[in-house]
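The values are calculated or read from the model by the stated rules, or taken from the named source; none is laboratory data. Not measured: the values here are computed from a predicted model. Counting neighbours? That spans all protein chains shown, and the Cβs are built from the backbone with ideal geometry, glycine included. Quick note on the areas: whole protein, heavy atoms, side chains included, nothing else; ligands and nucleic acids left out. Shrake-Rupley method; radii C 1.70, N 1.55, O 1.52, S 1.80 Å.
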Amino acid sequence: MNRRGFFRLLLASGSAALLDGLPGRRSWAKPPPGPAALPDLVAVKDGSPVQMFEAGIEALGGMKRFVKKGTLVLVKPNIGWDKTPIEGADTNPDLVGRVVRAAYDAGAREVAVCDHSVETEKSCYERSGIEKAVRDNQGVMHTASRRSDYRKVPVPGGKVLKEVEVHRLYLDSDVVINVPILKSHGGGRMTASLKNLMGVVWDRSYWHRHGLHQAIAEFPLVRKPDLNVVDAYIVMMENGPRGVSSEDLLLKRMQVLSPDPVLADTACARMLDMKPEDVSYLPLAQALGLGSMDLAKRSIRRISVAG
Amino acid sequence: MIARIRLQLSAFFFLLSLASFFAWGGDRLTAFFNALHPFPSLAPLARFDLPPTLLLTAAVLLLPLLVGRLYCSYVCPAGFLQDLAARLTGPWKIRPRAAAGSWSLRLFLLALAAGLLALRSPAFHYLDHFCNLGRAYSLLLVLLDYAPFGPAALLGLSFMAVLGAAPAFRPRWFCGTLCPTGTLYALLQKRSLWKVSVREDCDSCGACAAACPALCIDRGRIDPELCIQCLECTGACPRGAIGLRRSPGRRADAAGAPPAGGEGRKRLLRSALLWFTGSLWAGMFRTIGAQAAPPVLSTVVPPGGRSGSRFAERCVACQTCVSVCPTGVLVPCGLQRGSPGVAAVRLDFMKSYCSYECNACLAVCPSRAISYYPLEVKKTIKIGSSALDTKLCIPYADKKDCAACHEVCPTGAVEMVKRERIFAPELRKDYCIGCGSCQKACPTQPVKAIVVLPQEIHSFAFNPKQHGPGAARRRLRIAAAKKTEFPF
């Protein structure tokens, strides 16, 4: 790691700890009182993805808490698949568009959106509806299929990942907003906040070869997303992450928002009827100090927007 | 004036041909442009396969009977490229007057190509300008690093060399020597209703000869076998002596004097002999080709190809499908054993995969080697079957979670099954369509643990949308998960 990267990490983790009321490593047993007693996690249900996001981000202290004036913001949805929004494989486009607009409303200078798609990028961006939603909200779609956009950075404290090639926007943006969609996953058991970050990495094959769970757990050591908004409106309960038929899907109409990706994913594992401990990368990430799996001890705000 | 119109129109059709090849104008434009070319388009007719575009092809064949080779002069992109090369290589005044191929040679080559087409062999594509042009355009794909350099690019390169270099010695040499379509149109033009002809008051000033881009006028006499009916001469004549006129009928040909009875019979006999020899050679090539073809292909051919051998008998190697493939999985074949033909295409799953949501190549094939199926049908066409090597597969060999193949499988053919503490892939072959997503995604190196083996005769896989693997079990689980409260 170069000096600049180190300071950036220090700054990011420091500010994250201050702002989120997130304690340092191994000391989350007793939650310290947050600045304004903001919840660690907000769970919203019974609304459209946009309604749920609006209610959720307000309960989390508003977008201004995460996005400062004049900043470059990366919104990272899941655009991995050449599928329509109704098939529940990619993040809901309306939600992505709303997050982009919220970031601009909070004063962002530019909101960039990209994902290293599994299938052909052009068709994924198009069919998922995300490209249009982002453009309609003045966001900027970036390609993630060119290797020249990726930079090799060290992973401090990584065992499986010593170095990783990361998309420049993930490294250079002032704020990263992770907007995954909740799905079951054959290899990772589930995909939500942590697994979604594989979409800013060039060589995913290496992760599969050398230990998928350990790699997923270690990657946020490079940088943790500032906010995670997990789309659980349509949830792929089985055959994920691609899905085979509509029978894999369940209309859950939920959303989970949290600055802590491990906490958000723990709640999401429950939604998929899984034991969070069975999702091996969650305990591994917790042990690396990237977040907490203890839903009982963290403050959770549950909202229903049905009206 | 006419020269300028001709230049603009042929430049327009040249751009149209590029748009057609790269499918910039959609499938319909490509289908339309393909249908203008009798050579690959009539191939389905020999198999009594009658696509609706055949009507357009028939109309195109009637055109030379009315006004001659307007296609050659105004539409043909290969003609445009030759005219361009002629302008660049030698200004009209200093061009050497090399001879074009003899009419006998041309008739023989036409008979050969037509014979191959009628005998259901795709080998006519070596002569045909349309297929060669496609291969020449595929050089752009190679330059953009989209397709590998192979026999297709080599053939395209040599075609471009002929188009570029020959006009320095004789303009439109390819049209007047090798092109079977050109010879066919010349044959029809001899019987056309309107023809360029010279009136009595011609004083042999040579203005028309100087204007002729096909070099077919000599001292007021037009060579009917080389004339491409471009009409540039009619604008050049100061007296208006040369022009497009209703033909007087069979009694006088364009050369002026009607042939004597004996001369006519001799000519008829010679053509018959040439047609016979051409067809004989075609039959010979066909027989040799059939014997040289491997009994079972070792390559995967596109969905819609129906079977390896069916595809091999139809593919004219024009590379249009390679250019429209969005994932780049279609590549031209090499000379290796087991490929459907020199420069024909195959799917390379080490390079890419066949997209589930795409049937682009099915809509553009000019020879119907790839039959068209709607996307929903194409999604169930089985072109191969995946095979798993558990000695290499990471969950089996290293006892680690991976699921890269399961992740990308569009049909649920790779199911993850619990083995001790991890999940390992198991194949449900009834659902596998052989799209190669798993082979492309498999992280093992250098040999992939999961590969797609070709299926000689394509079939249909189970439709996962109708009866997915373990559907009943899944329904139960989903019903159990239907809770409205947060589970935490």
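The condition of being part of a strand (DSSP E or B), facing another protein chain (nearest Cβ under 8 Å) and touching a strand residue (DSSP E or B) at 6+ places or on another chain (Cβ under 7 Å) holds for A:Met254. Within segment B:401-422, being surrounded by fewer than 18 Cβ atoms within 10 Å (Cβ to Cβ) and among the charged types (D, E, K, R) holds for B:Lys418, B:Arg419, B:Glu420, B:Arg421. Tell me which residues, restricted to segment A:99-120, are open to solvent by less than 60 Å² (accessible area, probe 1.4 Å) and in a loop (DSSP other than H, G, I, E, B). Answer for segment A:99-120, where residues must be open to solvent by less than 60 Å² (accessible area, probe 1.4 Å) and in a loop (DSSP other than H, G, I, E, B): A:Ala106, A:Gly107, A:Ala108, A:Cys114, A:Asp115, A:His116, A:Ser117, A:Val118, A:Glu119, A:Thr120. Here is the figure for segment A:260-307: residues that are surrounded by fewer than 20 Cβ atoms within 10 Å (Cβ to Cβ), more than 10 Å from chain B (Cβ to nearest Cβ), without any contact (Cβ under 8 Å) to a residue 60 or more places away in the chain and not in a helix (DSSP H, G or I) total 2. What do you reckon, is B:Tyr373 under 26 Å from B:Val301 (Cβ atoms), within 11 Å of chain A (Cβ to nearest Cβ) and touching a residue at least 40 places away in the same chain (Cβ under 8 Å)? Answer is no for this residue.
The single residue among B:Phe48, B:Phe80, B:Phe33 that is hydrophobic (A, V, I, L, M, F, W, C) and within 21 Å of B:Val324 (Cα to Cα) turns out to be B:Phe33.
Filtered by the rule that a residue be among the hydrophobic types (A, V, I, L, M, F, W, C), surrounded by fewer than 19 Cβ atoms within 10 Å (Cβ to Cβ) and assigned to a helix (DSSP H, G or I), segment A:121-177 gives a lone residue, A:Leu171. Just so you know, in segment B:144-177 the residues that are hydroxyl-bearing (Ser, Thr, Tyr) and not in a helix (DSSP H, G or I) include one that is nearest to B:Leu347 (Cα to Cα), and it is B:Tyr146. Among what's in segment B:428-453 and is surrounded by fewer than 20 Cβ atoms within 10 Å (Cβ to Cβ) and facing chain A (nearest Cβ under 9 Å), pick the residue that is farthest from A:His210 (Cα to Cα). Going through the qualifying residues, I end up with B:Gln445.
Is it true that B:Pro425 is open to solvent by less than 40 Å² (accessible area, probe 1.4 Å), touching a Leu at 6+ places or on another chain (Cβ under 8 Å), more than 30 Å from B:Leu42 (Cα to Cα) and touching a residue at least 24 places away in the same chain (Cβ under 8 Å)? Here the answer is yes, as B:Pro425 does meet what is asked. Selection of segment A:110-136 for residues being touching a strand residue (DSSP E or B) at 6+ places or on another chain (Cβ under 8 Å) and over 14 Å from A:Thr84 (Cα atoms) yields A:Glu110, A:Val111, A:Ala112, A:Val113, A:Cys114, A:Asp115, A:His116, A:Val134, A:Arg135. Do we have any residue at all in segment A:233-242 that's closer than 22 Å to A:Gly88 by Cβ, out of contact with any strand residue (DSSP E or B) (no Cβ under 8 Å at 6 or more places or on another chain) and hydrophobic (A, V, I, L, M, F, W, C)? Taking every residue of segment A:233-242 in turn, none turns out to be closer than 22 Å to A:Gly88 by Cβ, out of contact with any strand residue (DSSP E or B) (no Cβ under 8 Å at 6 or more places or on another chain) and hydrophobic (A, V, I, L, M, F, W, C).
Quick grid of which residues meet (1) in contact with a Pro (Cβ under 8 Å, 6 or more places away or on another chain); (2) within 10 Å of chain B (Cβ to nearest Cβ); (3) among the hydrophobic types (A, V, I, L, M, F, W, C); (4) open to solvent by 10 Å² or more (accessible area, probe 1.4 Å):
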residue: A:Ile181; (1), (2), (3), (4): yes, no, yes, no
residue: A:Arg189; (1), (2), (3), (4): no, yes, no, yes
residue: A:Ala192; (1), (2), (3), (4): yes, no, yes, no
residue: A:Lys195; (1), (2), (3), (4): yes, no, no, yes
residue: A:Val200; (1), (2), (3), (4): no, no, yes, no
residue: A:Glu218; (1), (2), (3), (4): no, no, no, no
residue: A:Val235; (1), (2), (3), (4): no, yes, yes, no
residue: A:Glu238; (1), (2), (3), (4): no, yes, no, yes
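Per the listing B:Thr30, B:Thr89, the residue uniquely within 17 Å of the chain's Cα centre (by Cα) and touching a residue at least 12 places away in the same chain (Cβ under 8 Å) is B:Thr30.
The helices (runs of 4 or more DSSP H) falling completely within segment B:295-413 that include 2 or more residues that are of a type in the set (Val, Ile, Thr) map to B:320-324.
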